[in-house]
Amino acid sequence: MAGLRDLKGRVAVVTGASSGIGAALARELARRGARVALVARREDRLEALAREIAEAGGEASVHPCDVAEGGSVEAAAKAVVERWQKIDLLINNAGYVRHVLFADHAVDDIERMMRTNYMGAVHWIKQVLPGMREQGQGWIVNVGSFAGKAGQPDESAYSATKFALAGLSEALGPELAPYGISLLCVHPVLVQTEMFTPEVMARMPRGSEKRFMTPERFASETLAALGRGDVDVVIPRRFRGVLLLRALLPGPMRRVMGRVKMAALPEAGP
Ligand SMILES: NC(=O)c1ccc[n+]([C@@H]2O[C@H](COP(=O)([O-])OP(=O)(O)OC[C@H]3O[C@@H](n4cnc5c(N)ncnc54)[C@H](OP(=O)(O)O)[C@@H]3O)[C@@H](O)[C@H]2O)c1
């Protein structure tokens, strides 16, 4: 896949830019000279980030949007092109997690999560494809999860949304390559963001907090992978070893993963 190193003058859409990984990616893209279209539902947060970027000498625009709604994505994508005339890079980062046992997880929320974490990316890719094909180039980054590489107990619905996104990315990459469009899927493991509320931390295995990386470090490693032209990256890379073991020893690895995760839950088990 063709790498994207020189971001100067490129137009980049970042979904989920109102906090965490998305905000860090937006700041770093702007710092490297990209024009950044900030997408999320909390407009006040996007406005504050756009001001911060402008004060630092960068360029950004604000596009309130619920990625789970196709019509909202279509309107936002149109507004981005009106503002910047094109889209070179799309980063599908918007998403949310629930740490809850499947038996306790409401079906409505399971469906909403799929519409956000998976269909949100589908809607955005559909919107940017015609323009990228016309340009003869483009870059798409899907933010998956380690939970989309190895199923995580207590996050079953979330894991399913991220497996869906990983599957889409793997299958779609070769379809887009002939048009000069590159697709990278990045899989964060533990990044310190608002996603990890005290309630979530209480359900995580002890010592998880020691494994966190900062959103800034994650953003920088993601942009390095984009620059290299990678197609699929787990960040941090050392967790690839766990995935190798999972592929070689699926039964034992599932038992170990299950024991580690379930031991942290007060209500688990009959
Ligand atoms: N942090 C980690 O360790 C980790 C690990 C694996 C994967 N990830 C993935 O990384 C991505 C970013 O997460 P984060 O850790 O940065 O969490 P975060 O700080 O909670 O950020 C999530 C972002 O997604 C946006 N979002 C959620 N639902 C949306 C919707 N329906 N429409 C538009 N935007 C929506 C939120 O904005 P609004 O609420 O303003 O809409 C927010 O900007 C997610 O896809 C997450 O699954 C994170």
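The values are calculated or read from the model by the stated rules, or taken from the named source; none is laboratory data. Predicted model only: the values in this text are computed from it and were never measured. All Cβ positions, even for glycine, are placed from backbone atoms using ideal geometry, and neighbour counts span all protein chains on display.
Some observations on this one:
- In the stretch 142-169, the residues that are within 12 Å of the ligand (Cβ to nearest atom), over 15 Å from Arg112 (Cβ atoms) and of a type in the set (Ser, Thr, Tyr): Ser145, Ser159
- Every residue from the stretch 189-198 that is over 19 Å from Gly148 (Cβ atoms) and either touching a residue at least 60 places away in the same chain (Cβ under 8 Å) or touching a Leu at 6+ places or on another chain (Cβ under 7 Å) (or both): Glu194
- When Glu209, Glu221 are checked against the criterion of being more than 12 Å from the ligand (Cβ to nearest atom), out of contact with any His (no Cβ under 7 Å at 6 or more places or on another chain) and not in a strand (DSSP E or B), a single residue qualifies: Glu221.
- The residues listed here are Ala34, Ala30, Ala94, Ala77; of these, the one that is within 12 Å of the ligand (Cβ to nearest atom), crowded, with 17+ Cβ neighbours inside 10 Å and under 21 Å from Val143 (Cα atoms) is Ala94.
- Near pairs, Cβ below 6 angstrom, 6+ apart or cross-chain, from the stretch 248-262 (at pLDDT below 95) to any residue that is surrounded by 11 or more Cβ atoms within 10 Å (Cβ to Cβ) and not in a helix (DSSP H, G or I): Gly258/Pro153; Val260/Pro205; Lys261/Pro153; Lys261/Asp154; Met262/Pro153; Met262/Ala268
- Members of the stretch 53-74 found to be surrounded by 15 or more Cβ atoms within 10 Å (Cβ to Cβ) and in contact with a strand residue (DSSP E or B) (Cβ under 8 Å, 6 or more places away or on another chain), listed by number: Ile53, Gly58, Glu59, Ala60, Ser61, Val62, His63, Pro64, Cys65, Val67
- Looking across Leu172, Leu129, Leu184, one residue alone is closer than 26 Å to Glu74 by Cβ and within 15 Å of the ligand (Cβ to nearest atom). It is Leu184.
- For the residues Gln127, Gln135, the requirement of being more than 18 Å from Val234 (Cα to Cα), out of contact with any helix residue (DSSP H, G or I) (no Cβ under 8 Å at 6 or more places or on another chain) and touching a residue at least 24 places away in the same chain (Cβ under 8 Å) singles out Gln135.
- Taking the conditions (1) buried (at least 18 other Cβ atoms within 10 Å of the Cβ); (2) in a helix (DSSP H, G or I) in turn, Val260 satisfies each one other than (1).
- Checking Arg41 against (1) within 9 Å of the ligand (Cβ to nearest atom); (2) more than 20 Å from Ile125 (Cβ to Cβ); (3) of a type outside the set (Val, Ile, Thr), the condition it does not meet: (2)
- Considering (1) closer than 23 Å to Val191 by Cβ; (2) of a type outside the set (Gly, Ala, Ser); (3) crowded, with 22+ Cβ neighbours inside 10 Å, the lone condition that Val100 does not fulfil carries the number (3).
- Qualifying positions in the stretch 54-74 - among the aliphatic types (A, V, I, L, M) and more than 15 Å from the ligand (Cβ to nearest atom): Ala54, Ala56
- Residue match in the stretch 64-71 (condition: among the acidic types (Asp, Glu) and under 25 Å from Gly136 (Cα atoms)): no
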